[in-house]
């Protein structure tokens, strides 16, 4: 499931641990919940070992050398798979206490699965940014019958509605369908105000979510559509692309 060994090879010599930006190596224990975080530095990823997309987001954040806190069911397996590049919190999105621990010191929370306890916990923790992945509904008939469980979950329109109603600053990344093909070789179209359509590789969607998590949501909430647009390169400056979309949609 994980790619810890592979990631260590990408980073350099296997076994060599490189420093993450803004922090020391090692997996710090979460601070007591009653203490206010001195600063918000983590990107929190929900259900990182039970959502295939969330796992991909963690891998992209590792490559960006972001500080990551991941909610996982199996801490031992997560440490073995992701290596020292994350701080693991045991639980899942339905576990309110675990989600509260996850969000301590978080500057953004990324959800690619059920919302669970995320929204009330994020409101209580004053998380400044929630990033949500959604997909087109599977529809009826054979499309619904053969759609995977992940696509069906991401196509639940109530997730978007609940996030908007929460009043939390957010970025919603909408896709048509997720494709199990290699990423990185497609020009990606980012639009605002349209309907999600077409396919996008999981890896490309994960890159977009990881970049969105670094967006300053104080500038405003944003809903964007992401799709593959033929051969080419992804945006060189994601933050500029997000700012342009926000200006158009605003």
Any hit, segment 164-174, residues being modelled with pLDDT under 95 and under 19 Å from the mean Cα position of the chain (by Cα): no
Those residues of segment 194-221 which are surrounded by fewer than 22 Cβ atoms within 10 Å (Cβ to Cβ) and assigned to a strand (DSSP E or B), in sequence order: 199, 201
So residue 224, is it at pLDDT 95 or above and either closer than 25 Å to residue 119 by Cα or surrounded by 21 or more Cβ atoms within 10 Å (Cβ to Cβ) (or both): yes
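For residue 140, state whether it is on the phi < 0 side of the Ramachandran plot, at pLDDT below 95 and over 18 Å from the mean Cα position of the chain (by Cα). Before the answer, list the steps.
Details: on the phi < 0 side of the Ramachandran plot: yes; at pLDDT below 95: yes; over 18 Å from the mean Cα position of the chain (by Cα): yes.
It is true that residue 140 is on the phi < 0 side of the Ramachandran plot, at pLDDT below 95 and over 18 Å from the mean Cα position of the chain (by Cα).
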Residue satisfying all of: in segment 49-64; part of a loop (DSSP other than H, G, I, E, B) and touching a helix residue (DSSP H, G or I) at 6+ places or on another chain (Cβ under 8 Å); surrounded by the fewest Cβ atoms within 10 Å (Cβ to Cβ) among these: 64
Top-ranked residue in segment 32-52 [being in contact with a strand residue (DSSP E or B) (Cβ under 6 Å, 6 or more places away or on another chain) and modelled with pLDDT under 95; ranked as farthest from residue 207 (Cα to Cα)]: 40
Residue match in segment 78-90 (condition: touching a helix residue (DSSP H, G or I) at 6+ places or on another chain (Cβ under 9 Å), assigned to a loop (DSSP other than H, G, I, E, B) and modelled with pLDDT under 95): no
Hey, residue 191 surrounded by 13 or more Cβ atoms within 10 Å (Cβ to Cβ), over 23 Å from residue 62 (Cα atoms) and out of contact with any helix residue (DSSP H, G or I) (no Cβ under 7 Å at 6 or more places or on another chain) or not: yes
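The values are calculated or read from the model by the stated rules, or taken from the named source; none is laboratory data. Owing to the predicted nature of the structure, the values given are computational and were not obtained by experimental measurement. Every residue, glycine as well, gets a Cβ built from its backbone with ideal geometry; the counts of neighbours run over all protein chains shown.
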